[in-house]
Structures are given as C-alpha cells and as structure tokens.
Amino acid sequence: MASDAFEREVSVFTTKLKRRQLSGFHQTASRTAELMRSVVVHTRWQTPAKLIERIQRVGAELVRAAPQELCIGNIVRRVLHIVREEVDGLVRELERASASSRSDALTTGMPPSAFSTAPSLHNLLAANLHNEALRTPELCSAAVHEIKQPIIDGVNELIDELGSLVHSIAEQAPEHIHAREVILTLGRSRIVEAFLKRVAKTERPFEVIVADTAPSYEGAEVARRLSEAGIQATLITDAAVFALMARINKVIIPTHAVMADGGLLAPAGTLAVALAAQHHSVPFVVCAGIPQLTPIFLTDADDFNLLLAPAPILSYDETAALEVNALCDADGGADGAEGSAAAVVDGPARRAGASSGPAGVPPGIACRQPSGRDDGFATDSPNPAYDYVPPGLISLLITNIGGTHPSYIYRLLTEFYNPLDIHFGPQAAL
Amino acid sequence: MAGGKKDGKGGGGGANTDLKREEKLQAVVLADVCARKLRPATFDGPKALMPLANAPLLEYTLEFLCAGGVEEVFVFACHGTEAIQAYLRAVETRFFPTALRCIASRAPCFSAGDALREVYEANVIQGDFVLAPGDVVTNLYLPALIAAHRAARERDKDTLLTACFARIPYGHRIRPADDGALLVVDSASGRLLHYESMPDGLVRRTDADADAPLARAPRVELPLELLDAASATGAELRVRLDLFDLGVDVCTLEVLTLLVDNFDWAELRTDMLTSVLSSEILGKTIHVHEMGARSVGAAASAPYAARVSDWRTYVELSADVLARWSFPQVPDANLLSSMDAVAGQPGAPPVDGTQLGTTYRQSRGNAYAEEGVSLARSAQIGVRVLLGGGSSIGADARVTRSVLGRRCSIGDRTVVVDSVLWAGVTIGEGASVRGAVLCEGVVVGAGASIGAGCVLGRGVVVGAGVKLQSRTLYTRHAARALRPNLAGAAGAGAGEGSEGCADRWAEGDEDSEDAFSDDDEGADGAAPGGGERAATDAAGDAGLPADAHADAAHALGAGGSGFLHGHSPPAASCACARPRREPPLEPDDSDDGDGDGDGDGGGGALGGGDVFIENALDILAGMLEDNNAVDNIVLEVNALKFAYNRSVADCAAVSLQSLLARVQALALRAGGVESGQCGRKALLKSLKEGVHTWAALLRRYVTTGADQQKLIEALEELCEDALPWVADVFQFVMQALYDHDVLPEQAIVRWAAAADAAPAGSARKARRTQCAPFLTWLAEAESDSGDENEDD
C-alpha cells in the first residue's frame, strides 16, 4: 500500500513537471529531495545496491519527465552520493574489522582509500570491486540498519541546504556590491532578488537596472519588487543593454544551471548581456546554488534546452499572413529548395507584415498551396527558454558555499557527486 | 438543486464563497455529438479517439480540464461508447487525482441539447460545471475562466453561463470556413447582449472578392433595443466578429434545467443562447470571457485554442501542435498518452497501463521522433515532422510537415508531405503522399500517388501505381453496411459530399438490395487483411453495382480495396486554401452538413445541409421507404418544422426533395443500372407512381400561391444542385405535380412567364424550353376547358 501511495506521489509530481506547473530550481529541487527521502525511508532494501538501484530508477523517471530541469538530476546524484559515502564508510569499517580479526591482511583486497571519491584511474578501476562489495549479502544484511539513519540524516541535511540556500547566497552580497554601484540584472529569480535586497539592508546607496527579459517580460515584476524594497530600480528594454553597459559596474544574473565546463544554461537573453559585458569589461557575476551545478557537458546548444510556445514572440493572428508571405518568397526564389528553406521568424515578426504580400491576398487569409511547390517553406518561430553562456564570459560564480571561478567547477563537482552517478538510471536517461 | 444553491446565496458573502469552495469542480465533455465532417474516419471509431499528433484527440481536452484543476470529468459518449469507456479506463491513472467517468448515451443524440438532457438525467452534476467539447485543444489556464465566471456571478446572480472565446480573426486558417458568429458584448461587464450565428460567414475565401470582403456579406440586423438600452445606461457596446467559439463554457446548473424545460433546444448557441438572450421572462444573462484579454498575474501571452471540426482544421491543428502553439501539450513533453491507449490500433501491444506513455525527443526544426524509429541513412526528414515509435523510413524517402503514427513503414524514394498518417500505415516504394490523411492500417502500393485532400479510411488499400484524384474520400465500408446512419441521407441526395458522391451512393446503395450481403463480407474481409482479395474481385463475385465497382477498380487499382465515399468540399478538405467551393454558388446557399446550422436563417435554400434539412431528409427517406401514412409523415415533418422554426415552404421543399430521391431509388431498383444512368423509362414510371402516392404530402404544405411559387423554385434548385437528373425530366415532374393537384395551372403559367424573361442560355431558359410541349398542352387544355365552360 505504502509503495502504491508513493508511486502515485511520483506520478502526480511527474505529471506536474510535464505540464510545466512546476518548473525552475526552487519548485523542483526540494520536492525531488523529499521524494528521495521517502525512497530511502519507505522502500524495503536488503542491500545498499538495491537502494541505489531504486533511487536511480525513481530518479530516472523524474528526469525523464523534465529532462531540462537539470537540478532534479543533480539532487538525485547528491542523494546517491550520500548513500555511497555511507556505504564506503561501512565497507571501510568492516574491512578494518576483518583485517584486525585475520592476520592475513593481504586477502582483504583493496585498501580503504580505494573508496574515496577523488577521481583517479585507480578509483575508476576499483569502482567495479566497490559495486561487488555492495552486493555481498553477508556484508549488507546486518549493516543496512546501521546506515539507513545516517543516509536519512544526510538527505535531511540536503533538504536543509536547499531551504537555506537563498539566504546563504544573499549573505555574501555586501562583499560584492559596494556603495554607489550600478548593477544590471536580467530575469527573475529568488536568489538574485534576495541578494540585492540584502545589500539594501546595509543602507548602501546603489542602483539596479533591470532588463525587460523579453519575451517573458519578467523584468517588470523584478523592478517592481526591488523598488518596493527601497532599491532604486530602472527598467530598460533588452535592446538598451549594450548602450547602458558602459555605465554598469557589475552584472549580476541568475542562472538555470551551471554546466560541467562552468558554462551557464541561463534564461534566454543572458548571452547577449554577457557579450555586452565582455565588450565593456564589466564583471559578469552569476548567483547559483550548489545543486544547480550539473556534472554534464553540453555537446550541443540544443541539449536540455526547451522550446516554449511561439505565442509570446508571434501573435497567433499573424501566422496566417506569414504563410502567405512565405509562399510568395518561395514562389520568388526558393522554389526548388525542398524541405530546406524554412522561413524562421525569431522575435517579433512585424517585418513579415502585409507589405511584402502579393496584391490581392488580404492579410489573415491562409493560402497554402495544396501540392507541389509548397515543399520549400514552413513558418517556424522557435522560442527557446535558455541560452548557453560559455565559461569564458563569466567572471565569478557565487554559490551558497562561497564565490568561485568557472575553471574551478570541476573540483566542486568531484566534491559533491560521485563519478559513477553522472549518468544514472537503467537507460542512463541523461 | 438550483433552489438549494439560491438559499445558500442568501447567507452572506463569506459563507457563500466557502460553500462554493467545498463544491467539487466538475466538467462535462461532449465527445462527438456531431462529427459528420470527419467522415470517413468516423465510420471506424469515434471522433474523440482520432489521433491528433499521435495522441487521442479527447486526451487534449481532458488534459486541459485536469491541468486546470477539475476534480471530476464526465465524458458523454454516444458513438463508440465502448471504445471511449475502454480508453478512459486505460488512461485513468494518468489523470490522477481527477476522476474520469463516462456517461453513455441511452438514445442516439444529434445535438448538444440532447446530450446535456441526458447528462441531467444521469443526475451527477452538483453545481457549476465546465462544459467542453471533446475536440478542443487549448493551453488556456482554466482557473482564470472559472474566476471570471465567479466574478460575473458575484456581480450578477442571474448569470447563466460564461462562454469562452478566443480572439482569432475571421477567415484565419484555424477557423472552419462555416464558423462565424456576431456578438454584441457590453464591454464593461462582458455581458453578451446579442448573438447572431452566421454559418455562411462574412469573408469569403475567394480571390475574386478578397479585396472587398464585406461586399457580398449578408446583412445583419441588430435589434434597436440594444442601442436604446445602451444609451440609457451609458454602456459601451462592442460588436465582435473576431471571436472564435471554443465551446468551453462554465455553466450553472440552471443550464441543464433550462435545457430540460425547453426540450426543443438543440444547439447550445443557436437555440439556447439566442432564446435566453431574447427572452425577458427567463431573466438570465450570459457572459463572454475572451481568452488572452486577461489582467495581470497570468502568463504574458495569449493562450492557444482551436478545435478540430473538419479535415482542414484537423491538419492545421496537427501542424500547430508540432509548431508548439499548444505548449505544454507538445509531443516532446511526453505528457499525453499514445494512441495505443485506444483499443484496436494495428500492431499495438496489449494495453497494460505501462506502455501508454511516449518517448518523443525534439530536434531542430520541430522534428520529433520516438524511440525505436528506424531511418535509412539517406532518408530526409524535413521540418515539423512527428515520427511514432516503430516506424521505418526507407532510403531516399522524404518526409516533411507530416505526422507518422506508430509502426508506419515508408518505402524507399517515397515522398510524404503535409500529410497525417495514423498508426500502421504502409507506403510502398516511390509513392507520393501529399496533403492527405491516411487512417490506421492503410496500405499504399508502390509508385502510387495520393492527391491533396484525400482521406483514406481505415484499412483501405491503394494498388500500385494508382493516382488518386484530389479530395477524394475512401472507406473500406461498402455503402450498404453503413446504411442505417448514412445511406438514408446520401440516398436522398444530401450527403455532405458533392452531388456526384451522393449520386454514386444512391446507386450503389439502392441497386443491389439483394446481392449486397455477400459483398459486405467480401469487402470487409479483404480490406483489413491487406487486400489479398481485391474489392474488384469481391465486387465481381457478388455482383456489386457496376458503377461502384468501376469506381473502386478504376481508382484504387489492381489489388486495391475500398469504396469511394465522396469528395471533400475544398473549404473543409485537408488540402486547404483556395475558393471555398468549386462551383460558385448562390450567396444564400447554406453550408455543407454541419452540426450548427443556423436556426433563424430564412430562405428555403436546399442543397446544402443545415440541421433541419439533414434531419428532415433522414426521417423522410426512412418513412417513404416504409410507406408510412401521409399523416404520420406530416406529423414528423411538423415536429421538425417547429423545432427549427422553419416555414411551410421549407417543409414543402424538403418533402419534394425526399420524394424525388425516393423516386430515383425506385427507378434504380426497377430498371437496374446501366453505366450509371437509370433507364429513363423506369424513371418516368416511378415518378408517376411516386408522385401519385405522396402528392398528398405536398398538398399539405402547398396551399397558397406563394407556396406554389416557392415549390417551383425549390424544384429548380434541386435540378441545379442536389438532384441533377431532375433537370432531364423537369417537364414530367411539373406535369405530375399538375396532375395531382399540387400545382395549379396558374402557378405553372406564372413560372413560365417568369422563365421566359430569363437570359438565353441559362439553365432556367433551358427548362422553359423543355417544358414547351407541356405548356402548349396546358394552354390547349385550358382553352378546351374554357370552351367547355362556355359551351355549358
């Protein structure tokens, strides 16, 4: 019964993820951690290997529901890491016990250091032996109860970390923002908002310029909230960012995820800001929690990106007119270019207005040709949710455990994740 | 129940809202009450379970409701009830915690009104509920709509319902050509003041009058009281034409009770809405919620909304889903169940609840593929493509802007463009499929070419090298097998296709009364099996009517199997665009069969089917065939007349059409079919008999001079539209009507005089010329009788 209820809980969560009723770091991370805790608490596991498999299976299910919510995978990896740590400790303890009981120390195989998580060739090779150790029943039967509570404590600590994450990042704010500085920000996030408000508490005078963040236009809401907190906030259009960059002292932005190379997967529009900041040599500071560090390299800019509905960038009324214009274009030149010449409209599509249409075809009337020559076009208006910002553009990453540089990310990754878990799950869903 | 609610209302605002919160949010989904326009696919299964972007159509509606927090959904099903029930059982867990229940119709339902009356009888609705059609695709935030309804109710406790509209300009590709309504809305309160259904629309999609879209528009008359009332209260009125009816309403319980009280209300819009708005006794108000025109706090962009109403909108909607307008209901969200949740998918594994999900991944250009797709190295996948699992695409094949269901197989060098392939479709090498819809298990032979706008029903087999004409519809069902629900109407000459189709149906249908039973088996056995036994052979064995089997043999080629169902009207075909109809028709000609014809549209325009004409033809065809007494027939027709508020002339016209269709059927049975023509002799004979038998029916409706004139007009229209054969025997029809005292000679003479004035070369003039012998005879007879009188 309990497992039924749990399955149902998981399915409600995954459905909400798929419906995008839950999205973003704050909404997904702690819920994932709570589900992981109930996996540890409620499932019956005879061996640690079983537990790890179970976590991987549930985790893969969650990740499959929303592959672009990278922090779900990260939380699962963190939990797996906690489990593995405990198991390592247990293995070490048992080995020590057996070594002391038996005089012949050579038979114990690996020295305890083999199970530390530092990535070395030796460790990678030893990993299999490690797994073997987890499966030996005599090792596990007694030990399971011993490590269960520490694992639960570990997951609870993780949940606490998620809860206090915004606060611990914001606490560092006074070190980074000085009096009379002008800060540019983009996108809406609890972390950056708290960060800026924390500075306001110090009564240091400073100014925030908020970019509009089209097409979601979250900037307006951010500016409103900041000015309510007594911060002098100015809302500008995204197009004005480059012009104003010369006046900016620091860019402080939130991010969706930090990838393994130190690059960002950040709200669409961030890359343009980062390039402008680089051009003017303005420090580009990113606020992110440790659970947003993702031990995966992006091989393609489309990976883990999400295309939203085109509605914010193109009014649905206009699609009919676009088809007409695309047709005219196709008639004019690209008649033979089959399947390749997709007319892509990015951003507001006013330029494809009725002026270029043929005489006699009123706007709003679709006239796709029934066959033959229409092979060339299809109007598309992709609306990606995220930008990839390469690590070279980032000056500083402020996490809940302190500031760091993108080139140092790999160290953090080894500290928080086990290399075995980078691709977890039965089919390695990531 | 309504009374109880009102009592609750009495007890202060706070208590009232608390009460409302305790109520379970319920929804009623009307799964295909009227789905004629999606034939022939709907012969094989309910419309609600058609795939749209490889997910059941109903799933989109359910998703919209469940994501919006509805706690209990009642799906009302009248066709394919078992299939819908099975589907709901299969997907129930996915929609947890929402409960899905099915209300099976106890009697055939033809209108939303009937359906809701049955829902009322089921006695499950407890309070305000959301009413949605089973074919709506939207990412509307439902709580916003419900909040709007609650706010409207707070302001005005007489609010009957809040209807949801999307702002989509008239003539937009997603709007069905015949959908249109003029709304007069109080802009401050959102209250609907006047509703005018305009099924024939305002803007015609023709090139000729494109620059003057309103030039040929029908006039709209608005009641003057509207303006009076507005100026009295200082309200600002808005006349809206750009509102697309989503069919999603938040209704109060009174909607159901009102519908039960007024059992003649068929359609919610044309009947209920107009009656409620014009009735001062009811004192109810209706509010309009315009999607996207919402206040702060909600998503910035307007939500998407569309409905599947005919093949054109079906294909457009598929494309929109692939272009992510319906986000998050997009394939790569893997949110919706796969079509395997619907029983009877070719090659589907048994449904066990675990394989219902999908595994789509998106790549550039909105191309989506599920796991287990096998692509040849040289296959070209273009933009906006959806590939279902288990599909395979051959070398050098090209697929663009198309949807492939699961387990499809595309041969080498085949081109698939702008098409929708349902599950298990097999296309041979070097074939070409453009702008077509191919239902489950269709097999297209090597080198065949499927023209734009074709729809091939489940299991149709197209032979190798065949070229299918544009906009033809094929089904594996022989006409006979579908007789109970279809052939009656088609035989009467008012199927939804063009006249050619209806004629073929009539012949194929009526002729082989005796021989057909074997034939059904042959055809049904052959088709799903992949066409081992060609329809031609089957037809040859069983003596299928020459015409029908010539069609099948000619069109589907050797090894093909299937029957011509008809032609899709251009405006509704899946290869959209261009003028609405091929032959330019009179502006007041109403539209091809659809569920929401206007009840108040005047004129006795025959030929197209509004609901009245369709129903009347259906009933009359059956009653004439059974030789019912004229009194009984009159009773039925009168019932319809009152239900749809039609004139006597309409009844006369419809009776005449049925009569002539029956005559044709009799002639075909008696004389057999020779090359698609029935013998003229047999025709005349049965004409005589037919008019003799049923002249009494016509006499009931034709009493005054004006009626007579209208009857002749209707007869002329029949010649031009629904029953072209009548033109050949026009003279004899007139004579028969004269003989049986339906038309007096004055009426005929008056017509002749008017026809004389018609321009030379016109059809009317030709008819006048044809009637010359009869008129001469008539003149002589008159003078004879005059003489006799004088003599006496």
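Read-outs: derived from the displayed coordinates by stated rules, not from any lab. Just so we're clear, the structure is a prediction, and the values are computed from it rather than from any experiment. Glycine also receives a Cβ, built like all others from the backbone with ideal geometry; neighbour counts cover every protein chain displayed.
Look at B:233, A:213, A:414 and count the other Cβ atoms within 10 Å of each Cβ; fewest to most, that gives B:233, A:414, A:213. Charge dipole of segment B:611-791 (Cα centre as origin; +1 on each Lys and Arg Cβ, -1 on each Asp and Glu Cβ, all else neutral): 600 debye, rounded to the nearest 20. Semi-axes of the equivalent ellipsoid for segment B:611-742, computed as √(5λ) from the eigenvalues of its C-alpha gyration tensor and ordered from largest down, come to 23, 16, 14 Å. On the principal axes of its alpha-carbon atoms, segment B:345-442 has extents of 37, 29, 23 Å, going from largest to smallest.
All Cα-Cα distances of segment A:171-309, cut into 5 Å bins from zero to the largest, leave 2, 10, 21, 22, 21, 14, 7, 3, 1 percent in each bin in turn. Going by neighbour counts of Cβ atoms within 10 Å, the residues B:751, B:311 line up, fewest first, as B:751, B:311.
As a proxy for reagent exposure, B:564, B:421 were ordered by neighbouring Cβ count within 10 angstrom, fewest first; the result is B:564, B:421. Measuring r between the beta carbons of residue B:639 and residue B:228 and using R0 = 41 Å, the FRET efficiency lands at 0.65. In terms of distances greater than 27 angstrom between alpha carbons, the cross-link table entries A:197/A:250; A:16/B:284; B:37/B:765; B:157/B:641; B:688/B:765 yield A:16/B:284; B:37/B:765; B:157/B:641. Look at the stretch B:166-175: the mean tally of other chain Cβ atoms within 10 Å of its residues' Cβ atoms is 5. Using a simple spin-label model with pseudo-atoms 7 Å out from Cα toward Cβ, residue B:92 and residue A:405 lie 6.2 nm apart.
Please label the shape of segment A:146-224 as rounded, prolate or oblate, based on the square roots a ≥ b ≥ c of the eigenvalues of the alpha-carbon gyration tensor (a/c under 1.5 means rounded; beyond that, a/b larger than b/c means prolate, else oblate).
Details: a/c = 4.44, a/b = 1.88, b/c = 2.36.
Cα axes put segment A:146-224 in the oblate bin.
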